Amino acid sequence: MNHYETVFILNPVLSEVQIKETVQKYEEFLVSKGAKMISKEDWGLKKLAYPIQNKKSGFYHLFEYQVDGEVINPLEVEFRRDERFMRYLTVALDKHAVAWAERRRVKLKEKA
């Protein structure tokens, strides 16, 4: 199983309930495909560097998980089909990136 990180931006016109439902739907999609969720982060509403679909902000979320590589393509197909998603990026993490992500999570827990 490979280690992945997916960051996605949701449309800013969505309600808080719709955002939670969307995040829950895709977390369940990954788990149903055999993914082990390591971390979920809600980065909140952020201003975009440039307008996307005539929107100047979006709700950012991050998933960190372990899963077989065959699952990534169906996940991204689902992202493309869903109009709530403005952008997404999935990255395979190497051992250095995994270590950095672990340090970042520990640092965030210390702040909280």
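A few comments on the model shown:
- Identity of the residue in region 69-92, exposed (fewer than 12 other Cβ atoms within 10 Å of the Cβ) and charged (D, E, K, R), that ends up nearest to N11 (Cα to Cα): E83
- If you go through region 58-92 and keep only what is in a loop (DSSP other than H, G, I, E, B) and touching a strand residue (DSSP E or B) at 6+ places or on another chain (Cβ under 8 Å), you end up with D68, R84.
- In region 57-86, the qualifying residues are those that are without any contact (Cβ under 8 Å) to a residue 40 or more places away in the chain and more than 13 Å from the chain's Cα centre (by Cα), and the one that is farthest from Q18 (Cα to Cα) is E70.
- Looking only at region 50-61, and only at residues there that are closer than 24 Å to P74 by Cα and out of contact with any helix residue (DSSP H, G or I) (no Cβ under 7 Å at 6 or more places or on another chain), the one that is surrounded by the most Cβ atoms within 10 Å (Cβ to Cβ): G58
- Options K47, K95, K111; residue that is surrounded by fewer than 14 Cβ atoms within 10 Å (Cβ to Cβ), touching a strand residue (DSSP E or B) at 6+ places or on another chain (Cβ under 6 Å) and without any contact (Cβ under 8 Å) to a residue 60 or more places away in the chain: K47
- Scanning region 1-32 for residues that are in contact with an Asp or Glu (Cβ under 8 Å, 6 or more places away or on another chain) and without any contact (Cβ under 8 Å) to a residue 60 or more places away in the chain gives V23, Y26, F29.
- Selection within region 1-57 - in a helix (DSSP H, G or I) and either farther than 27 Å from D68 by Cβ or charged (D, E, K, R) (or both): E16, V17, Q18, I19, K20, E21, K25, E27, E28
- Single residue of region 22-44 satisfying the filter (over 17 Å from Y88 (Cα atoms) and charged (D, E, K, R)) that is surrounded by the most Cβ atoms within 10 Å (Cβ to Cβ): K33
Bear in mind that the values in this text are calculations on the coordinates, not laboratory data. This is a predicted model, so every value here is computed, not measured. No Cβ is skipped: glycine too gets one built from the backbone with ideal geometry, and neighbour counts run over all protein chains shown.
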